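Colleague: Structure in structure tokens, see below.
The values are calculated or read from the model by the stated rules, or taken from the named source; none is laboratory data. None of the values given here were measured: they were computed from a predicted structure. Using ideal geometry, Cβ is built from the backbone for each residue, glycine included, and neighbour counts are taken over all protein chains shown.
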Amino acid sequence: MQAGMPLYRPDFSPTRAPRRVSILGATGSIGASTVDLVRREPARYQVEAVTANHNAAALGALARALGARFAAVADPTRYKELKEALAGSGIEAAAGPQAIVEAAGRPADWVMAAIAGASGLAPTLNAVAQGATVALANKECLVCAGSLFMRQAAAAKATVLPVDSEHNAVFQALAAGRRTDLRRLILTASGGPFRTFTREALRSVTPEQALRHPNWSMGPKITVDSATLMNKGLELIEAHHLFGAAPDQIEVLVHPQSIVHGLVEFCDGSMIAAFAAPDMRIPIGHCLAWPERTESPAPRLDLAAIATLTFAAPDTERFPALALARQALEMGQGAPTLLNAANEVAVAEFLAGALSFVAIPALVEATVEAGIRHGLASEPATLEDALALDHAGRALARELLPEIAVKAS
Ligand code: NDP
């Protein structure tokens with residue numbers, strides 16, 4: 001997508017020759033779904049590069065199975081392990097954060113950006129700089145540096161396709177009308193495992209409970225984000241950048257069945273919704289085949305068996321993270337970068353048992369406020385600016401953590 005609009009590349013023909021694909025975050029949940037789809041059609045794809053953070057042995061095995069040319073782990077201490085896992089295969093091994101950026105810049109037609117968190121920003125921007133088609137799962141890239149990211153994508157004539165199921169649904173629904181006739185976008189949210197919990201019950205939620213998502217199987221960070229509704233907040237910001245929609249044109253509806261993923265409403269009152277089984281291989285497959293379509297191994301929907309679909313407004317009293325993200329989006333400048341940095345720190349501390357569930361949004365709120373007070377929140381104009389602001393936001397969140405941990409418990 002460029003400048004908020006889907007871009008059709010007439011020179012693109014997925015049936016012409018094998019597509020060269022790279023998978024950043026290949027050992028994660030989105031990575032595994034992507035690998036599954038690629039392995040089902042070996043004649044259609046040639047794998048260039050795969051990456052992971054620490055998981056060198058698993059990455060080595062994947063690289064071999066996929067016939068990749070290059071494999072990189074971010075953790076430099078895992079280089080030897082990766083090298084051993086690739087011994088005799090002819091696959092090039094590399095390690096360190098710069099090796100991930102290099103992997104993203106290798107010659108590929110299509111790059112899956114599925115690193116979790118702001119660590120995905122530098123590699124994904126490098127994939128964009130090559131003018132590749134980037135299937136974007138890593139929403140934190142757009143939260144951290146959305147304007148910069150979309151500007152660089154447009155400058156490099158890169159194509160950005162939304163992997164997030166809600167944005168992929170909106171992308172598909174937008175094809176039904178003209179952009180100028182668009183009235184609003186609606187992202188649905190399952191409501192997470194604590195949708196019906198009282199404020200009091202939320203105080204004693206454990207990481208184990210938060211990691212049990214009712215509908216989706218995902219990595220730990222996004223699973224916790226789904227439980228706090230911060231995930232939906234990050235998605236609001238993501239939608240703003242992807243589709244060029246104003247903040248007040250983007251709404252959220254709680255839809256516990258996770259069957260309708262996104263809707264668009266046009267000026268004539270017509271609403272177009274995209275339905276699919278909650279299986280990430282559907283939006284990933286859509287991005288892999290785009291602008292064509294291909295068969296999917298994912299389950300099909302039986303709407304008669306599902307029978308009831310329900311929708312409700314989100315409760316931002318019990319789940320303040322969604323309102324915080326909307327505020328950050330409205331504030332603009334560097335506020336979303338600070339929000340994301342603080343949230344990454346808060347989620348990690350919650351998973352480590354150092355912060356309560358209800359303290360996650362409290363720490364995010366305090367960090368954004370303090371960052372603005374300290375004059376930290378100017379718009380990142382370069383990758384270096386975005387990384388520096390992310391770094392400052394994390395430092396601030398860590399500084400505030402002891403106080404918030406006590407106050408919010
Ligand atoms: P996972 O935690 O399952 O996987 C993350 C991947 O990124 C792993 O390969 C991990 O390697 C790698 N990684 C983590 N940190 C770094 C780092 N610092 N440098 C390089 N690589 C790193 O996450 P998910 O697959 O669930 O999510 C990935 C992204 O996709 C997130 O941004 C998420 O919000 C988004 N997304 C996910 C969805 C889902 O259904 N899972 C749905 C929509 C969006 P290692 O295995 O070595 O740790």
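Colleague: Quick test of your reading of the structure: residue 23 fulfils all but one of (1) over 23 Å from residue 216 (Cα atoms); (2) within 12 Å of the ligand (Cβ to nearest atom); (3) part of a strand (DSSP E or B). Name the failing condition by number.
Modeller: (1)
Colleague: Here is a follow-up. Give me the helices (runs of 4 or more DSSP H) completely within segment 219-318, filtered to those with at least 2 residues that are at pLDDT 95 or above, over 17 Å from residue 340 (Cβ atoms) and not acidic (Asp, Glu), ordered by residue number. Show your work before the answer.
Modeller: Details: elements: 220-228, 230-243, 281-289, 303-306.
It comes to 281-289, 303-306.
Colleague: Checking the conditions here, which among 67, 96 is on the phi > 0 side of the Ramachandran plot, surrounded by fewer than 22 Cβ atoms within 10 Å (Cβ to Cβ) and more than 12 Å from the ligand (Cβ to nearest atom)?
Modeller: Values: 96 fails: more than 12 Å from the ligand (Cβ to nearest atom).
Criteria check complete, one pass: 67.
Colleague: Hey, another quick one. Within segment 102-133, take every residue that is among the polar types (S, T, N, Q) and farther than 24 Å from residue 348 by Cβ and give me the one that is nearest to the ligand (Cβ to nearest atom). Please lay out each step first, then the result.
Modeller: Within segment 102-133, the subset among the polar types (S, T, N, Q) is 119, 124, 126, 130, 133.
Next, from what is left, pick out any that are farther than 24 Å from residue 348 by Cβ: 126, 130, 133.
Numbers: 126: 13, 130: 18, 133: 17 Å.
Top of the filtered list is 126.
Colleague: Okay, moving on. For residue 301, indicate whether it is in contact (Cβ under 8 Å) with a residue 40 or more places away in the chain and buried (at least 21 other Cβ atoms within 10 Å of the Cβ). Talk me through it step by step, then tell me what you get.
Modeller: Values: in contact (Cβ under 8 Å) with a residue 40 or more places away in the chain: yes; buried (at least 21 other Cβ atoms within 10 Å of the Cβ): no.
So residue 301 fails the test.
Colleague: In addition: For segment 377-395, name all the residues that are surrounded by 23 or more Cβ atoms within 10 Å (Cβ to Cβ) and closer than 18 Å to residue 361 by Cα.
Modeller: 390, 393
Colleague: Hey, another quick one. Kindly indicate the residue of segment 187-201 that is closer than 22 Å to residue 354 by Cβ and touching a Ser or Thr at 6+ places or on another chain (Cβ under 9 Å) and also surrounded by the fewest Cβ atoms within 10 Å (Cβ to Cβ) among those meeting that condition.
Modeller: Per the stated criteria, the residue is 193.
Colleague: Moving on. Which pairs do you get when a residue that is under 16 Å from residue 33 (Cβ atoms), found in segment 208-229, comes within reach of a residue that is within 6 Å of the ligand (Cβ to nearest atom), reach meaning Cβ atoms under 6 angstrom, with the pair 6+ apart or on two chains?
Modeller: 218/29; 219/28; 219/29; 219/116
Colleague: Before we move on, is residue 76 surrounded by fewer than 20 Cβ atoms within 10 Å (Cβ to Cβ), free of Cβ contacts under 8 Å to residues at least 60 places away in the same chain and more than 14 Å from the ligand (Cβ to nearest atom)?
Modeller: Details: surrounded by fewer than 20 Cβ atoms within 10 Å (Cβ to Cβ): yes; free of Cβ contacts under 8 Å to residues at least 60 places away in the same chain: yes; more than 14 Å from the ligand (Cβ to nearest atom): no.
The answer is no for residue 76.
Colleague: Now for a different question. For residue 208, work out the one condition from (1) over 16 Å from the mean Cα position of the chain (by Cα); (2) surrounded by fewer than 19 Cβ atoms within 10 Å (Cβ to Cβ); (3) assigned to a loop (DSSP other than H, G, I, E, B) it doesn't fulfil.
Modeller: In the conditions (1) over 16 Å from the mean Cα position of the chain (by Cα); (2) surrounded by fewer than 19 Cβ atoms within 10 Å (Cβ to Cβ); (3) assigned to a loop (DSSP other than H, G, I, E, B), residue 208 misses (3) alone.
Colleague: What's the number of the only condition in (1) over 22 Å from residue 25 (Cα atoms); (2) among the acidic types (Asp, Glu); (3) within 16 Å of the ligand (Cβ to nearest atom) that residue 251 fails to meet?
Modeller: (3)
Colleague: Also, I was wondering about something else. So residue 145 passes all but one of these: (1) within 24 Å of residue 54 (Cβ to Cβ); (2) within 15 Å of the ligand (Cβ to nearest atom). Which condition number does it fail?
Modeller: (1)
Colleague: Between residues in segment 306-333 that are within 23 Å of residue 357 (Cβ to Cβ) and residues that are polar (S, T, N, Q) and at pLDDT 95 or above, which pairs lie under 8 Å by C-beta distance while being six or more apart or on different chains?
Modeller: Short answer, once both residue conditions are applied: 318/198; 319/228; 321/228; 321/343; 322/316; 323/316.
Colleague: OK, next. What residue, among those in segment 158-187 that are within 15 Å of the chain's Cα centre (by Cα) and in a strand (DSSP E or B), is nearest to the ligand (Cβ to nearest atom)?
Modeller: 162
Colleague: Output the strands (runs of 3 or more DSSP E) that fall wholly within segment 53-157 and possess 1 or more residues being acidic (Asp, Glu) and at pLDDT below 95, or say none. Step through it out loud before you land on a result.
Modeller: Numbers: elements: 70-73, 92-95, 110-113, 133-136.
Per the criteria, no element qualifies.
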